[in-house]
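Structure first, commentary second.
The values are calculated or read from the model by the stated rules, or taken from the named source; none is laboratory data. What you see is a predicted model, and the numbers here were worked out from it, not measured in a lab. Please note: Cβ atoms are built from the backbone with ideal geometry, for glycine as well, and neighbour counts cover all protein chains shown. Surface accessibility is based on the protein's heavy atoms, side chains included, excluding ligands, DNA and RNA. Shrake-Rupley method; radii C 1.70, N 1.55, O 1.52, S 1.80 Å.
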Amino acid sequence: MYRIVASDLDGTLLTPEHSIAPYTRDVLQRLHQKGEHFVFATGRHHIDVAHIRQNVGIPAFMITSNGARVHDADDNLIFSRNVDPALIPELINMVKDDETVTIHIYRENDWLLNRIDEDLAKYHKDSGFSAELFDPENPPLEDVAKIFFIRHDHDYLTTYEHKLVEKFGDKVSVAFSTPFCLEVMGAGVSKGDALKAVAEIKGFSLEECIAFGDGMNDVEMLTAAKKGLVMETAHPRVKATLPNNEVIGSHADEAVARYLEKHLL
């Protein structure tokens, strides 16, 4: 029934320690051997995801930066949409004086941030992908896949979400990847649109796609796919947005792999 399986990473496919567990790796390898097409669909940077894919040991397309980048199984860039350079200074200026929020930028080959955040190392221990500092008074303008803001206070960040939507409207795409990470991409960017592009390239339709996710940045993908499954640990806002979508178990219990083994293998 399904030829393409797309999954978010953090909070979905990865363990709470942000790694691929052996059972999940085994299921994904068997899925590939059966002829299914797996797609990593994440807010992470493609350099980071490429290491995770290598660890899994299967060829797979990568939807990264929430759909701003798509790479094929050979790491060829097949889709790219950047944040409008003219908007970047305004986006940075809105937050740069708030010392409680860390500002991050993903470019094609770089991860930049305005201050060191030691807590982020645990997310990238397997890939070794690391960040460099940038000057918020002189931010890079070209080749920006996304800008994101981190503070461990969801309600606080929602005030910025409202300000961003009010100020920039449809000039940008705004979504939470986790309750503590607010992300800004170029206009029209989403995992859903990227999944459609991948399906078309592979000669399939969205009717042949199944997807898994837990964040607001997954909503378009979970809606676009024929079947979109929500993690038990998803934020209540995700479940409220997708009240008719099936909810499965936790990433701590490798619920994605268990669902795939039961229904696709």
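Of all residues being hydroxyl-bearing (Ser, Thr, Tyr) and over 16 Å from the mean Cα position of the chain (by Cα) in segment 86-107, which is most open to solvent (accessible area, probe 1.4 Å)? Just the residue, please. So that I can check it myself, show each step before the final result.
At the first step, the residues of segment 86-107 found to be hydroxyl-bearing (Ser, Thr, Tyr) are 100, 102, 106.
Now narrow it down to the ones that are over 16 Å from the mean Cα position of the chain (by Cα): 100, 102.
On the way: 100: 70, 102: 15 Å².
Here the residue is 100.
I'd like to check something: does segment 227-245 contain any residue that is in contact (Cβ under 8 Å) with a residue 24 or more places away in the chain, over 26 Å from residue 103 (Cβ atoms), hydrophobic (A, V, I, L, M, F, W, C) and surrounded by 15 or more Cβ atoms within 10 Å (Cβ to Cβ)?
yes
Please name all residue pairs, on different chains or six or more residues apart, with Cβ atoms under 6 Å, provided the first residue is in segment 1-17 and is closer than 12 Å to residue 255 by Cα and the second residue is assigned to a strand (DSSP E or B) and of a type outside the set (Gly, Ala, Ser).
7/212; 12/212; 12/231
Got at least one residue in segment 128-136 being surrounded by fewer than 19 Cβ atoms within 10 Å (Cβ to Cβ), free of Cβ contacts under 8 Å to residues at least 12 places away in the same chain and of a type in the set (S, T, N, Q)?
Scanning segment 128-136, I find no residue that is surrounded by fewer than 19 Cβ atoms within 10 Å (Cβ to Cβ), free of Cβ contacts under 8 Å to residues at least 12 places away in the same chain and of a type in the set (S, T, N, Q), so the answer is no.
Could you tell me which residue of segment 161-178 is nearest to residue 84 (Cα to Cα), considering only residues that are open to solvent by less than 40 Å² (accessible area, probe 1.4 Å) and touching a residue at least 24 places away in the same chain (Cβ under 8 Å)?
172
Going by the structure shown, is residue 230 modelled with pLDDT of 95 or more and within 17 Å of residue 244 (Cβ to Cβ)?
Yes: the conditions hold for residue 230.
Quickly run through segment 62-85 and pick out the residues that are closer than 23 Å to residue 176 by Cα, open to solvent by 20 Å² or more (accessible area, probe 1.4 Å) and not acidic (Asp, Glu). I'd like the intermediate steps shown before the answer.
Step one: of segment 62-85, the residues closer than 23 Å to residue 176 by Cα are 62-71, 79-85.
Okay, now just the ones that are also open to solvent by 20 Å² or more (accessible area, probe 1.4 Å), so 79-82, 84-85.
Once the filter is applied, which keeps residues that are closer than 23 Å to residue 176 by Cα, open to solvent by 20 Å² or more (accessible area, probe 1.4 Å) and not acidic (Asp, Glu), segment 62-85 yields 79, 80, 81, 82, 85.
Here is a yes/no grid of residues against (1) of a type in the set (Val, Ile, Thr); (2) touching a strand residue (DSSP E or B) at 6+ places or on another chain (Cβ under 8 Å); (3) farther than 22 Å from residue 155 by Cα:
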| site | (1), (2), (3) |
| --- | --- |
| 205 | no, no, yes |
| 233 | yes, no, no |
| 240 | no, no, no |
| 245 | no, yes, yes |
| 249 | no, yes, yes |
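Looking at segment 26-75, which of the residues that are touching a Gly at 6+ places or on another chain (Cβ under 9 Å) and of a type in the set (A, V, I, L, M, F, W, C) is farthest from residue 215 (Cα to Cα)?
Filtering first and then ranking leaves 28.
Can you tell me which residue is most open to solvent (accessible area, probe 1.4 Å) among those in segment 179-192 that are of a type outside the set (A, V, I, L, M) and in contact with a Ser or Thr (Cβ under 9 Å, 6 or more places away or on another chain)?
188
Of 30, 53, 25, which residue is of a type in the set (Lys, Arg), at pLDDT 95 or above and in contact with a strand residue (DSSP E or B) (Cβ under 8 Å, 6 or more places away or on another chain)?
After applying the criteria, what remains is 53.
Does residue 52 satisfy the criteria of being open to solvent by 10 Å² or more (accessible area, probe 1.4 Å), under 16 Å from the mean Cα position of the chain (by Cα) and of a type in the set (Val, Ile, Thr)?
Values: open to solvent by 10 Å² or more (accessible area, probe 1.4 Å): yes; under 16 Å from the mean Cα position of the chain (by Cα): yes; of a type in the set (Val, Ile, Thr): yes.
Here the answer is yes, as residue 52 does meet what is asked.
Here is a check on your reading of the model: is residue 213 over 27 Å from residue 88 (Cβ atoms), touching a helix residue (DSSP H, G or I) at 6+ places or on another chain (Cβ under 6 Å) and surrounded by fewer than 23 Cβ atoms within 10 Å (Cβ to Cβ)?
no
Could you figure out which of (1) of a type in the set (A, V, I, L, M, F, W, C); (2) open to solvent by less than 30 Å² (accessible area, probe 1.4 Å); (3) closer than 18 Å to residue 206 by Cβ; (4) over 15 Å from the mean Cα position of the chain (by Cα) isn't true of residue 27?
Among (1) of a type in the set (A, V, I, L, M, F, W, C); (2) open to solvent by less than 30 Å² (accessible area, probe 1.4 Å); (3) closer than 18 Å to residue 206 by Cβ; (4) over 15 Å from the mean Cα position of the chain (by Cα), the lone unmet condition for residue 27 is (3).
Pairs only if they're at least six apart or on different chains, beta carbon under 8 angstrom, first in segment 71-90 and at positive phi, second aliphatic (A, V, I, L, M); list them, first residue then second.
If the second residue must be aliphatic (A, V, I, L, M), the pairs left are 75/50.
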